[in-house]
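Taking it in order: structure first as structure tokens, then the write-up.
Values in this text are rule-based calculations from the coordinates and carry no lab data. Owing to the predicted nature of the structure, the values given are computational and were not obtained by experimental measurement. Cβ sites come from the backbone with ideal geometry, for glycine too, and all protein chains shown count toward neighbours.
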Amino acid sequence: MQIVTTHKGTDFDGLASLIAATMIYPDAVPVLPKSVNANVRAFMAIHKDLFEILHPREINLDEVTQLIVVDTNSWKRLDGFAPLKDRNDLTIHVWDHHDGGDIEADMVRNEGYGSAVTHLILELESRRMVLTPILATLFLIGIYEDTGSLTYPSTTPEDARAVAWLLDRKADLTVLSGFLKQAYGEKQKSVLFEMMKNPDRRKVNGYTLSFAAVPVEGYVANLSVVVNMFLDLENSDAAFGVFFDGEGNKCMIIGRSKAEHLDMGKLMRNLGGGGHPGAGAAQFKSDFHNPDAVFTMLSNLVENDQVASVQLGDIMSFPVVSVETTTPMEDLGQLLRERGCTGVPVTDNGKVVGVISRRDFKKLRKDKQLKSPVKAYMTPSVVEIEAEKSPLEAARLMIKHDIGRVPVVENGEMIGIVTRTDVMRYYYDLIPD
Ligand SMILES: [Mn+2]
């Protein structure tokens, strides 16, 4: 007898993987743990008849010859199969996306995609399997739930590819949104309540940081939403939620930051995680006994300026090509062509007094005006920015004044120029691999 099963407190990724596995192993009987999460229960209430799913106590363990485990790789997370652990005549296959685990399998498929079901979907695709829209919908819910609809840093290109394949097979997004419940439900509420019981507040490097450590059972979706609410309630500059599982072998840190110079994604990359300036996460595979040590480690990262803010001085272009107010337009034209730039600042005795760009040539009516100084056609500008300001502030200026380049000054003197390209490059480099 072949059995497919998944973890207790089954989520959509677990259920979707379970069903997808029965397509890859047509003789396997799907066994759903007794405890499933509320969203899955709601889905099953309607779709139960579609699947012939058994419960653990309906299985005679002695008859099991092959066990296929999906969306977990840990014996403890299975329901009712622990006695099989010591059977050495059993063939075990694991399809999962978690690290660690203690199931010694004969075959493991784990590429670390954002969801376990992604692995199974790509297999179905390579076998050119036919899929009904209902199954496509279930599988899509599985991916969306585990990747936050492809927004979590754990998302991989393969997850998106699997999504595309499922949409092609008419996965129903309306049905999907009905079952993918709101980000903030009962489970999230109880985690937030735990976080608010005893938050640890610290003043570090001028920032107010809030910390809370909470044990979570199984997978809780949208913890970053919870941490964000924690941050709002605490009214601090940044907040960290440290979530550890009851077995103490995994620990997830989620951080949110409101402070411009406190880049959460950068901080989390120091810990092997990722994110963006406002939100980041990192996961640890370690014994978790002392929340205080984790809080201190995070405080040290902030303290040691591991998140040193990037200043415009670091990303600006220099030396700056500029022209004097007296430079003739034709010389400017040649300079722009040579340098391949669209515009330059205009200086008067080293002070920026305006900007002139290719577009300003339209103001010229006659050829002889090419001899006129740029001063006559430039846009007088007082927009400039200090070198110690952040790329975000430069971006704000660009948006406010609708300009593509801002002179960077130090002690009133122009030392560089920051362009849209510089700012974009900076932001996109922050996106983790
Ligand atoms: Mn999963």
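Just a few scattered comments:
- Reachable aspartates and glutamates from LYS197, criterion Cα separation under 16 angstrom, eight or more residues apart if same chain: ASP232, GLU234, ASP292
- Eligible lysines near LYS48 by straight Cα distance, threshold 28 Å, same-chain separation 8 or greater: LYS8, LYS34, LYS76, LYS170, LYS181, LYS187
- Listing ARG405, ARG202 from fewest to most neighbouring C-beta atoms within 10 Å gives ARG202, ARG405.
- Gain in span if fully extended, ALA293 to GLN369, counting 0.36 nm per residue against the direct Cα distance: 20.3 nm
- Taking the fewest neighbouring Cβ atoms within 10 Å as the starting point, the ordered list for PHE81, PHE139 is PHE81, PHE139.
- Potential lengthening between ASP200 and LYS85 on full extension [0.36 nm per residue; Cα-Cα distance subtracted]: 37.3 nm
- With a simple spin-label model that places each label point 7 Å from the Cα along the Cα-to-Cβ direction, the separation between THR342 and ASN110 comes to 4.9 nm.
- Anchor LYS362: lysines whose Cα lies under 27 Å away (excluding residues fewer than 8 positions away in-chain): LYS351, LYS371, LYS375, LYS400
- Ranking of TYR152, TYR144 by neighbouring Cβ atoms within 10 Å, starting from the fewest: TYR152, TYR144.
- Based on DSSP H segments of at least four residues, each scored -39500 (n - 2.57), the chain has a per-residue ellipticity at 222 nm of -10000 deg cm²/dmol.
- Across the chain, C-alpha contacts under 8 Å between residues 6 or more apart give a mean separation that, scaled by the residue count, equals a relative contact order of 9 percent.
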